[in-house]
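Report on the structure given below.
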Amino acid sequence: MDIIVEQKTYTLSAPIAQGGEGEIFVLTPTSVAKVYKPNVLDQTRQLKVLALCNLYHGFIARFGEMACAFPRTPAHVGGFTVTDIAGFAMKYFNGCGTLADHGYDLRAAAFRAVGAGAPINDVDAVKVVYDAAQLVERLHSSRVILGDINPNNFLYDAASRSAIVIDIDAAQVGSFSCKSFSPEYLDPLVQSQGQTLSGGYSFSAESDWFSFACVMFEFLVGANPFFSRSTPPFSIEENIEARRSLIRTIVEGTKTINGVSLGNSPVDLNIIARLQSLRNAFPELFDYFVATFVRDERHSLMSTLTRDDPRHPAYVFFSTSGFDAVLADLVARRKKVTAAAKAHPLTIPDSGMATLLSTARPMPHTTFPDSGFASILGIVGQGRSGDVGRPTPQPKMDPPALSMFLGSHAIGVNSLP
């Protein structure tokens, strides 16, 4: 089979990798081509390839050539029209395994050693997590929502000890949806909205960060954040829906969540011990996992960095707009004023109000003649609901008072009993 990439024809040999949608072929030592299978290749996919290739040039202009398998240019078969698109060419990341291959092994209490290079340690692994987060952050800024984030969508480059994002052609871009998803890493808020007519889900940057946290948790800990040998047993998907996790038992200090017992099996205890170790060594990253899986928050890992860190999403704005300098000046002024106030405390003169209040005397009461109105109210108040069943005493009448109240319309006051 021959394909045309940038007006050059390549004869494809055996694929180096294949999946449900297509096969990967080597074009040059630095580039490969993904060719879709006929059953998944339609006009929508061909237009999506064009859209991603157009985004690639803007992405490279902003961030340079990065560790992303971004579709670079369309691969045609037999012609140069849209209907002739069979796939696309992208950068070749040779000799890189997935995060699933290099992840933490609970039984061995160490990261898996795959291929060349020294084994990964905790420091290396955390660097990989932040590298991957920065890639996702930059893809989001280019309006690319990955959607289907799973351990096989990230590679590990042993030479640079950094992460690589692949399968970007499956992402949600503009009106082109992401039809792939992995239930064990799917945001429950996305799942609750139901699938679209195309069979996928409507993803967002927030749902990407939930899935990202799940993948990186598994890479560092050796198990999905919602995995547990609970009593009674539940699947990961069921625990995601109920928000049951071992990290929640650590934070809340209980091993029973919604009537389910967690954290008692040997596997659970190993996971908890690993989490405690990460909590002591990398508290900020542990807090990020707590925010995602306990407090049900969804935000970028990069936003947890200090604002003076170049990797922080707002770093460029604050460092180039001058606003950061303004805030720093305000903080310095406030500290200066506070220090001066502590050094020279102000003494407020006595206003004399406290003495005035202590010597105040109550005004004498004014005595008014009895109007007789209280007696009238006593008459009206007879026969209340609380007096049912009790003998009603005969009221003592005060004819002059009643006459004064009724005025000239008195109706035979003297005739009342």
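The values are calculated or read from the model by the stated rules, or taken from the named source; none is laboratory data. Just so we're clear, the structure is a prediction, and the values are computed from it rather than from any experiment. Cβ sites come from the backbone with ideal geometry, for glycine too, and all protein chains shown count toward neighbours. Areas reflect the complete protein model, heavy atoms only, side chains present, ligands, DNA and RNA absent. Shrake-Rupley method; radii C 1.70, N 1.55, O 1.52, S 1.80 Å.
Flag: LEU41 does not match the condition of being within 21 Å of ASN152 (Cβ to Cβ), of a type outside the set (Ser, Thr, Tyr) and touching a residue at least 40 places away in the same chain (Cβ under 8 Å). When each of PHE219, PHE226, PHE210 is tested for being open to solvent by less than 10 Å² (accessible area, probe 1.4 Å) and in contact with a Gly (Cβ under 9 Å, 6 or more places away or on another chain), the lone residue that passes is PHE219. Taken together, the criteria place ALA273 among residues that are open to solvent by 30 Å² or more (accessible area, probe 1.4 Å), farther than 21 Å from ALA100 by Cβ and part of a helix (DSSP H, G or I). Quick one: would you say ALA125 is within 22 Å of LEU27 (Cβ to Cβ) and either open to solvent by less than 10 Å² (accessible area, probe 1.4 Å) or at pLDDT below 90 (or both)? Against the criterion (within 22 Å of LEU27 (Cβ to Cβ) and either open to solvent by less than 10 Å² (accessible area, probe 1.4 Å) or at pLDDT below 90 (or both)), ALA125 does not qualify. Tell me which residues, restricted to the stretch 186-229, are more than 30 Å from SER175 (Cα to Cα), out of contact with any Ser or Thr (no Cβ under 8 Å at 6 or more places or on another chain) and not charged (D, E, K, R). Listed by number, the residues that qualify are PHE217, PHE219, LEU220, VAL221, GLY222, ALA223, ASN224, PHE227.
Within the stretch 296-313, can one find any residue that is surrounded by 18 or more Cβ atoms within 10 Å (Cβ to Cβ), among the β-branched types (Val, Ile, Thr) and out of contact with any Pro (no Cβ under 9 Å at 6 or more places or on another chain)? Within the stretch 296-313 (the criterion being surrounded by 18 or more Cβ atoms within 10 Å (Cβ to Cβ), among the β-branched types (Val, Ile, Thr) and out of contact with any Pro (no Cβ under 9 Å at 6 or more places or on another chain)), the answer is no, since none of the residues qualifies. Taking the stated definitions as given, is LEU50 among the aliphatic types (A, V, I, L, M), within 15 Å of VAL5 (Cα to Cα) and touching a helix residue (DSSP H, G or I) at 6+ places or on another chain (Cβ under 9 Å)? Yes: the conditions hold for LEU50.
Among strands (runs of 3 or more DSSP E) entirely within the stretch 1-120, having at least 3 residues that are surrounded by fewer than 14 Cβ atoms within 10 Å (Cβ to Cβ) singles out 8-11. Total residues in the stretch 12-51 satisfying the condition of being closer than 20 Å to THR83 by Cα and not hydrophobic (A, V, I, L, M, F, W, C): the figure is 14. Total residues in the stretch 150-193 satisfying the condition of being touching a strand residue (DSSP E or B) at 6+ places or on another chain (Cβ under 9 Å) and open to solvent by less than 30 Å² (accessible area, probe 1.4 Å): the figure is 18.
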